[in-house]
1. If Lys and Arg each add +1 and Asp and Glu each add -1, what is the summed charge of the other residues whose beta carbon sits under 10 Å from the beta carbon of A:ALA448?
2. Under 11 Å from a point placed 7 Å out from the Cα of B:ASN273 along the Cα-to-Cβ direction: which residues of the range B:67-96 have their backbone N that close?
3. Assign unit charges at the C-beta atoms only (+1 for Lys and Arg, -1 for Asp and Glu), then state the dipole size of the protein assembly as shown relative to its Cα centre in Debye, rounded to the nearest 20.
4. If the range A:23-254 were replaced by its equivalent ellipsoid, with semi-axes equal to the square roots of 5 times the Cα gyration tensor eigenvalues, what would those be, largest first, whole Å?
5. Among B:LEU152, B:TRP86, B:LEU118, which residue has its Cα positioned farthest towards the positive end of the charge dipole of the protein assembly as shown, with +1 placed on the Cβ of Lys and Arg, -1 on the Cβ of Asp and Glu, and the dipole taken about the Cα centre?
6. Relative to the Cα centre, what is the charge dipole magnitude of chain B, using +1 at the beta carbon of each Lys and Arg, -1 at the beta carbon of each Asp and Glu, and rounding to the nearest 20 debye?
7. Which value in nm describes the separation of the simple spin-label points at A:GLU78 and A:ASN423, placed 7 Å from the Cα toward the beta carbon?
8. Percent of Cα-Cα pairs more than 27 Å apart in chain B, please.
Amino acid sequence: MTDLPHARNDVPPPIPPGTPPILQLQGICKYFPGVIANQDVSLDIAPGEIHALLGENGAGKSTLMNVVTGIYQPDGGEIILDGYGQVFAAPQDAIRAGIGMVHQHFKLVPAFTVAENIHLGWRDTPFLASSKVLEARTRALSERFGFSVRPDAIVADLSAGEQQRVEILRVLARQARLLILDEPTAVLTPAETRDLFRALRAFRAQGNAVILISHKLDEVIDISDRISILRAGRNVGTYRTADCTAAGLATTMVGREIVRRDLRARAPGATPIAPTPVLSLRGATCRDPRGVETLRDVTLDLHGGEILGIAGVAGNGQRELTQVLTGMMPLSAGEILLDGTPAPLADPAAFARAGIGHIPEDRLRSGLAPALDITDNMALREYDRPPIGRHGLYDRTAANHLAQTIVEAAEVRVPDLATPIRNLSGGNQQRLVARREIRIASRVLVAAYPSRGLDIGAIATVLRYLTELRDQGVAVVLVSEDLEELLNVADRIGVLFHGRLMATIDAATADMETIGLLMGGRSAHNGTPHGGSIPDGPTQDGGQA
Amino acid sequence: MAGSLQRQPTVTPARRLAWRAGAVVTALAITTLFLALSGRDPRLLADLVVRSTVGSRFGLEDLALFLTPLLLTGAAVTVTGRIGVWNIGAEGQFYAGAIGATAIGLFLPGPAWLVLPLMAASGIACGMGWILVPALARAYAGVNEIITTLLLNFVAGLLTTYLAVGPWHDRVTGALASTGRLPVRIPEIWGVVHWGFPIALVIVLALAWLTTRTRWGYQITIGGANEQAARYAGIPVRARILGVMLLSGGLAALAGVFEVAGTVHRLQGGLANNFGYFGIVVAVLARGSCLNVLPAALLMAFILNAGIVLQTQQLTGSAVLAITGLVLFMIAIADELAHYQPVTVRPATVAPVTVGKEARP
């Protein structure tokens with residue numbers, strides 16, 4: 001590090017010249033057995049800036065932040081805080097120094113209230129703390145920092161956005177001056193994202209700093225002041241956001257040009273769209289245990305050789321729709337037709353045998369057994385059919401063969417098949433799950449948020465999988481919250497709102513605005529609220545789990 | 001050069017075994033130290049323990065008699081562990097099995113070749129019955145099985161004592177301590193060691209095969225590792241939990257059958273001798289693998305046998321529990337330490353990338 005940009009008048013608030021950066025990293029190195037996670041990373045974070053950290057999966061962002069927050073000790077390099085060298089022996093040291101991190105996976109106690117979570121393990125917590133005192137303190141904190149929370153609510157009952165506010169408040173309460181957010185918007189609805197950004201800007205205005213790890217380029221350009229890009233563990237450059245374009249950033253990030261092709265175009269020799277539907281819903285309705293309708297009277301047809309996109313704000317029935325289509329959830333009313341005949345009772349194994357694959361929304365929680373090895377996880381869909389399952393047996397050799405095939409098809413490098421699958425990165429897990437499901441998806445593939453949390457390269461790979469499958473004549477359902485992705489890939493787009501399929505529109509002629517209106521519950525033509533007859537819609541967040 | 005101690009996600013079996021052997025040696029060393037501190041001659045005691053356990057025919061026979069129930073209760077707890085369920089009630093199911101076998105043995109006269117299988121069947125059925133309610137509650141209502149199975153142990157233990165000194169008490173001697181001697185017994189094969197021992201061995205080996213090489217075993221492994229993923233794959237998790245728990249109850253009960261029909265020959269209070277609880281210890285040592293139940297049960301049997309020897313030398317019976325605890329404690333530490341390896345990484349000799357420049361991408 002030689003020339004430090006001291007005067008920064010492009011970011012609010014004006015910082016007097018000569019103010020040292022809040023945090024300065026010099027030549028940070030961190031090694032794991034056989035892996036260089038960080039190599040000679042230098043970085044400076046000025047007071048009053050939002051600094052975005054970009055990089056593909058496995059570029060070393062999380063490791064670097066774990067070094068900054070004292071979870072790992074660097075194998076080389078220096079951490080300088082306000083101009084003074086620091087050694088963090090433990091996370092507590094970093095917290096004391098004013099560095100707070102909000103992880104992608106929240107570290108809250110679900111059974112505790114918001115107030116209890118805020119005060120857990122905090123030195124300022126009064127010795128004799130009644131819940132009333134804690135809640136009053138929490139309310140005061142919430143007003144001071146502008147993050148509205150309900151102090152007496154149980155964390156398990158909160159939506160992801162609300163839980164994140166609790167996490168951030170928890171960090172801010174401990175006098176953080178540097179806030180690190182790991183993929184903060186991955187779990188948020190667009191409205192929640194706007195609220196978060198507003199609060200971050202207010203935090204910056206007080207002379208504090210934010211490090212934002214994200215994959216979403218548009219968001220990064222929207223919120224950040226400067227951007228640093230990590231590639232293969234090294235900092236390949238720090239740029240002023242005002243000078244950056246999304247395309248330029250993407251190129252720098254992956255180190256190669258991204259080819260954007262119209263994914264709707266069929267490859268020569270592709271199977272045309274089948275005239276008769278392979279899977280259909282007729283008036284499909286689901287109720288949750290409280291009796292609230294989570295899916296209302298949905299009628300749709302899936303044809304082989306096409307991709308049906310499902311758009312909507314998260315929590316508007318997407319989960320129910322995918323589970324109904326894959327036999328995981330029974331219908332309260334209506335019917336599901338497979339090749340025109342009513343499908344059997346909700347039985348995921350029977351659906352899988354019928355050639356319906358499913359890339360689930362939360363792969364670690366419902367698509368994989370994290371503690372088991374790659375072989376056992378890859379056999380999950382084919383353990384009951386030859387060559388693995390014969391005469392009630394489980395043939396390990398055949399399962400290893402299958403796992404090897406899937407690993408090769410997914411182009412994932414693994415140390416060996418006996419590795420627990422939780423040790424793989426999220427992107428690699430996703431590729432393996434996608435490949436496993438594609439193998440059995442001879443007729444239908446239901447993919448729920450397959451690109452969530454992936455970097456650009458991995459997203460392109462997964463989308464390529466889907467289009468290849470479509471070209472082979474399989475019906476693909478792609479549930480996504482990324483409208484651009486849907487418009488690029490899908491042939492038709494259905495929009496869900498409050499469990500109702502508002503409309504199914506042709507993707508080639510669709511525009512963002514129409515879809516946006518439908519997602520907000522307005523029909524495309526006259527803009528009147530469509531959901532007006534619904535007395536009390538389901539919660540819009542993930543709270544209806 | 002940078003060197004540090006790092007946690008590896010996986011441990012090779014050989015490495016784990018080495019650490020565990022070290023743990024057992026350490027535990028024995030600590031035991032020796034305390035025996036020496038309390039004024040005993042550890043060398044003399046060690047010599048005695050070895051001679052009267054593995055060093056003599058009587059010792060080996062006793063070892064096999066301890067091993068038989070431990071294999072079965074250890075397997076019982078291990079199989080439920082594979083689907084993520086803890087059967088803490090092996091002690092109670094052991095008693096239930098003994099009661100079921102005794103009922104047939106005492107009141108159904110007949111040739112041994114007929115009565116013995118009936119005793120086993122009746123005992124196993126009683127053990128399964130004993131775990132049926134906790135199993136149904138766990139599978140279909142999510143009721144915590146640890147509490148329910150544990151509490152039923154006391155019921156079973158008291159029921160056994162009641163039967164032994166009450167309605168079924170020994171009419172021949174009139175002593176209110178146990179039932180009369182059973183008219184049939186499991187034939188011995190080697191000294192006092194009866195056929196229950198080889199049968200238990202075969203059962204454990206069969207379970208090891210069943211849990212790793214069959215579709216049923218795979219379904220259980222998935223169900224235990226992630227119930228949601230199992231549902232996603234269409235595995236009937238509830239039915240599997242119910243099945244595994246019933247199997248577990250049957251295994252523990254069979255241990256009770258063997259104990260009453262092969263070793264003790266009469267039903268009496270305290271018959272289970274904590275074998276059900278030691279089964280939990282065996283299962284913890286076995287780490288979910290039925291094959292590992294063999295060495296784990298052997299170690300446990302050795303400790304129990306050594307405890308008897310030590311008691312003849314005026315050591316308190318609690319010493320066995322203390323040694324067991326110490327061994328478990330050391331093994332738990334060793335299992336964790338086995339993950340750590342010193343790692344040396346040579347930083348790659350790559351020219352440092354220039355950073356911090358405000359450039360246009």
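The values are calculated or read from the model by the stated rules, or taken from the named source; none is laboratory data. Just so you know, these numbers come straight off a predicted model, no measurement behind them. No Cβ is skipped: glycine too gets one built from the backbone with ideal geometry, and neighbour counts run over all protein chains shown. Side chains are part of the model used for accessible areas, which takes the heavy atoms of the whole protein and leaves out ligands, DNA and RNA. Shrake-Rupley method; radii C 1.70, N 1.55, O 1.52, S 1.80 Å.
1. Once all neighbours under 10 Å are counted, the net charge is +1.
2. Of the residues in the range B:67-96, B:67-70 have backbone N under 11 Å from the label point off B:ASN273.
3. So the dipole magnitude of the protein assembly as shown works out to roughly 1580 debye.
4. 30, 20, 16
5. Of B:LEU152, B:TRP86, B:LEU118, it is B:LEU118.
6. My answer is approximately 940 debye.
7. 3.7 nm
8. In whole percent, the share of Cα-Cα pairs in chain B beyond 27 Å is 54.
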